[in-house]
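Below is one structure; the comments refer to it alone.
Where a number appears in this text, it was derived from the coordinates with a stated rule and is not lab data. In this text the structure is predicted, and so the values were computed from the model without any measurement. Cβ sites come from the backbone with ideal geometry, for glycine too, and all protein chains shown count toward neighbours.
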Amino acid sequence: MRRDDDEPRNPGGDGADNDQGVAVKSRSKTKKPSMYRVLMLNDDYTPMEFVIHVLENFFNKSHDEATQVMLHVHQKGVGVCGVYTYEIAETKVNQTMDLAQQNQHPLQCTIEKD
Ligand code: TYC
């Protein structure tokens, strides 16, 4: 059945009147999505310039940011490329690993819950 257009809905559900003008409390239906970190792992073979290229092109880093993240991973063994919803994190990992494989670099990325 069609809902009346002149009855404003209560999208936030933050407490409002019902159709008899009685105040009712309702829970918000909106939920923040879980967020996931994309981690990059160091290895001995992937060229530094390739890692910087990946960080600039798939993770939207400036050249300076990309260089800092790459050097962090190189020195510490692992670093965060960015934090995203699951689908976006998964897409970025796939883009990175596909390009690395095409270029025969062993670069590895993983996802972990934020
Ligand atoms: N350790 C690599 C080298 O010396 C560079 C590198 C940095 C590789 C970060 C992977 O995630 C990485 N060429």
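The table for this structure:
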{"quantity": "Wholly within the stretch 25-114, strands (runs of 3 or more DSSP E) carrying at least 2 residues that are polar (S, T, N, Q) and within 16 Å of the ligand (Cβ to nearest atom)", "calculated": "108-113"}
{"quantity": "Inter-residue pairs, beta-carbon under 6 Å, first touching a residue at least 12 places away in the same chain (Cβ under 8 Å) and farther than 15 Å from CYS109 by Cβ and in the stretch 35-56, second more than 9 Å from the ligand (Cβ to nearest atom) and outside any helix (DSSP H, G or I), 6+ apart", "calculated": "MET35/VAL83; MET35/ASP114"}
{"quantity": "Members of the stretch 77-89 that are touching a residue at least 24 places away in the same chain (Cβ under 8 Å) and out of contact with any Gly (no Cβ under 9 Å at 6 or more places or on another chain)", "calculated": "GLY77, VAL78, GLY79, VAL80, CYS81, GLY82, VAL83, TYR84, THR85, TYR86"}
